[in-house]
Each structure stands twice: as structure tokens, then as C-alpha cells.
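To start, the structure itself, in C-alpha cells.
The values are calculated or read from the model by the stated rules, or taken from the named source; none is laboratory data. Small disclaimer: the values here were computed from a predicted structure and weren't measured. Cβ atoms come from the backbone with ideal geometry, glycine included; neighbour counts cover every protein chain shown. Accessible surface areas use protein heavy atoms only, side chains included; no ligands, DNA or RNA. Shrake-Rupley method; radii C 1.70, N 1.55, O 1.52, S 1.80 Å.
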Amino acid sequence: VAVPALPHSSQHWRIPKPSYTGPIRNSYGVNKGGCLWTNGKPGRAVYLMPCIENDPNQTWEPHYYTANSHEYVWFSNPKSGLVLDVNQYSRESGTALVVWYPNGQNNQSFGNISCVNSSGEPHWNQDC
């Protein structure tokens, strides 16, 4: 997944609640309803694919934490044990999101998760 980080683009994602696993689902724009998918191979990009119920390649476990009064989350795929990772620590718009071995670096953590929808599901987006 490589999209520009612009307000009101496709940067709204429904993520699993704490202590649950499930899909990371796009919830805004032309790609609404697609889920992040991995082939489980280190260094390979994740893709936005049609959601398939209980697909282990679309199942993610969120790991929530707080640092410096901000909420963050990192995501692991239980099937592969790999985590979402911003490729090569890049901060450039359009950088690919890949899966990689957990290393605790900032490029494996995502912020702005304080939004909650009417069903109580946390959202990950930049407009909270």
C-alpha cells in the first residue's frame, strides 16, 4: 500500500480492537472496504485486496501502547509473525508498506488512533 498522506484521501482505516485479531480495512474513499493483505514474505509489500472472511493473510493483531502521552499501535500478522513496516524508514509520501521482522523501530509504529466509530471500533487515520 503506497498512498500519499493527504487529509481525506484513503488514510482512514478500521483496525482490530485491543486483544482481538482481524482485518485492517480501508474505511474511506474509492478503496473503501478493501483489506490489507500480505504474502507473509519479509520485505514484500502489503496490498489492498477485497476482504475475505478469516483469511490469515488479512489477519492482523494490534499491539497498542502509549508514549509521551500519545497512543500508538504496531501490527503483527499471526500467520507469519511479521509486522507492518514503512519500507526503508522512509518519510516520503507514497512509500510502500511492507512486512518485516519486529524490531521496535519507529517505522513499525503508527499513531493517531484515538478516533472511535459508533460501534466502538478504533480507527487509524491522520484526521483525528
Of all residues making up the stretch 46-78, the number that are surrounded by fewer than 14 Cβ atoms within 10 Å (Cβ to Cβ) and either of a type outside the set (Asp, Glu) or closer than 21 Å to His12 by Cβ (or both): 11
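Here are Gly34, Gly29: which of them is farther than 22 Å from Asn107 by Cβ, modelled with pLDDT under 80 and open to solvent by less than 80 Å² (accessible area, probe 1.4 Å)?
Numbers: Gly34 fails: modelled with pLDDT under 80.
Result: Gly29 is the single residue among Gly34, Gly29 that is farther than 22 Å from Asn107 by Cβ, modelled with pLDDT under 80 and open to solvent by less than 80 Å² (accessible area, probe 1.4 Å).
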Considering residues of the stretch 78-93 that are touching a residue at least 40 places away in the same chain (Cβ under 8 Å) and assigned to a loop (DSSP other than H, G, I, E, B) only, the residue farthest from Gly43 (Cα to Cα): Ser93
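Just to be sure before I move on: is Trp13 open to solvent by less than 70 Å² (accessible area, probe 1.4 Å), among the aromatic types (Phe, Trp, Tyr) and either at pLDDT below 90 or closer than 16 Å to Gly111 by Cα (or both) in the structure I sent? Working first, answer last.
Values: open to solvent by less than 70 Å² (accessible area, probe 1.4 Å): yes; among the aromatic types (Phe, Trp, Tyr): yes; either at pLDDT below 90 or closer than 16 Å to Gly111 by Cα (or both): yes.
For Trp13, the condition - open to solvent by less than 70 Å² (accessible area, probe 1.4 Å), among the aromatic types (Phe, Trp, Tyr) and either at pLDDT below 90 or closer than 16 Å to Gly111 by Cα (or both) - is met.
Which is modelled with pLDDT of 95 or more, open to solvent by 30 Å² or more (accessible area, probe 1.4 Å) and not β-branched (Val, Ile, Thr), of Gly104, Gly81, Gly120, Gly94? Steps first, answer last, please.
On the way: Gly104 fails: modelled with pLDDT of 95 or more; Gly120 fails: modelled with pLDDT of 95 or more; Gly94 fails: modelled with pLDDT of 95 or more.
Just one listed residue meets the conditions, Gly81.
Of the residues that make up the stretch 59-67, is at least one hydroxyl-bearing (Ser, Thr, Tyr) and at pLDDT 95 or above? Outline the logic, then answer.
Filtering the stretch 59-67 down to residues hydroxyl-bearing (Ser, Thr, Tyr) leaves 59, 64-66.
This time we only want the ones that are at pLDDT 95 or above, so: 59.
Scanning the stretch 59-67 turns up at least one residue that is hydroxyl-bearing (Ser, Thr, Tyr) and at pLDDT 95 or above.
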